[in-house]
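Everything below concerns the one structure shown next.
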Amino acid sequence: MTEFQKMSQGLPYDAMDPELVGLRRRARSLCWRLTTTDPGDERAVAAIIGELLPNVKKAYITPPFFCDYGINIFADDWFYCNAGCVFLDPAIIRIGGGTLFGPNAQIYTATHPVHPEKRRSGVEFAKSVFIGINAWIGGSSILCPGVSVGENTVIGAGSVVTRDLPPNVTAAGNPCRIIKYIGEDPEAR
């Protein structure tokens, strides 16, 4: 099994494997090109996004944008990223259509061993993140490795999502907690 296969399956992997280093360099180069391309040249911008995110139907991205690989980001419909978004994607990030990301929103799938000696060895692992359709991830929010966000869920700015969130809720805070259910009668609780 290659280090890429291990990484994509959530198994411990060597992040300094030459194939992985090359894939990260490719993504950094494409992110840089996206940031430095004239935003008025919509055809060039779309081509760069298509090359960076080949498993995404359509993404509207306001640069700067950063991802580790790009190839582990999946979306069957469009999504929007405001400026400064960071998607660390050693594991799969699946984004539901119509999802909005505020400025500086971040998704982390990458993680490291807790034990210091294992961490120093350079071994890493990753946990996939799943986001349902029509979610709204507020500015400067962080989605931690392994979380799922339900469809239509709204996450308040600056939140840190450490646990799964169900569909149709508004949630905020650090750690992120449900504030209310969308569409629910406030008198019902």
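Say whether the condition of being charged (D, E, K, R) and within 17 Å of the chain's Cα centre (by Cα) is met by at least one residue in the stretch 17-26. Step through it out loud before you land on a result.
Applying the first criterion (charged (D, E, K, R)) to the stretch 17-26 yields 17, 19, 24-26.
So of that shortlist, the ones also within 17 Å of the chain's Cα centre (by Cα) come out as 24.
Taking every residue of the stretch 17-26 in turn, at least one turns out to be charged (D, E, K, R) and within 17 Å of the chain's Cα centre (by Cα).
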Taking only the stretch 15-42 into account, find how many residues are surrounded by 15 or more Cβ atoms within 10 Å (Cβ to Cβ) and either in a strand (DSSP E or B) or of a type in the set (D, E) (or both).
1
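Here, each number is a calculation from the coordinates, and none is a lab measurement. These numbers were taken from a predicted model, which means no experiment stands behind them. Here the Cβ is made from the backbone with ideal geometry for all residues, glycine too, and neighbour counts use every protein chain on show.
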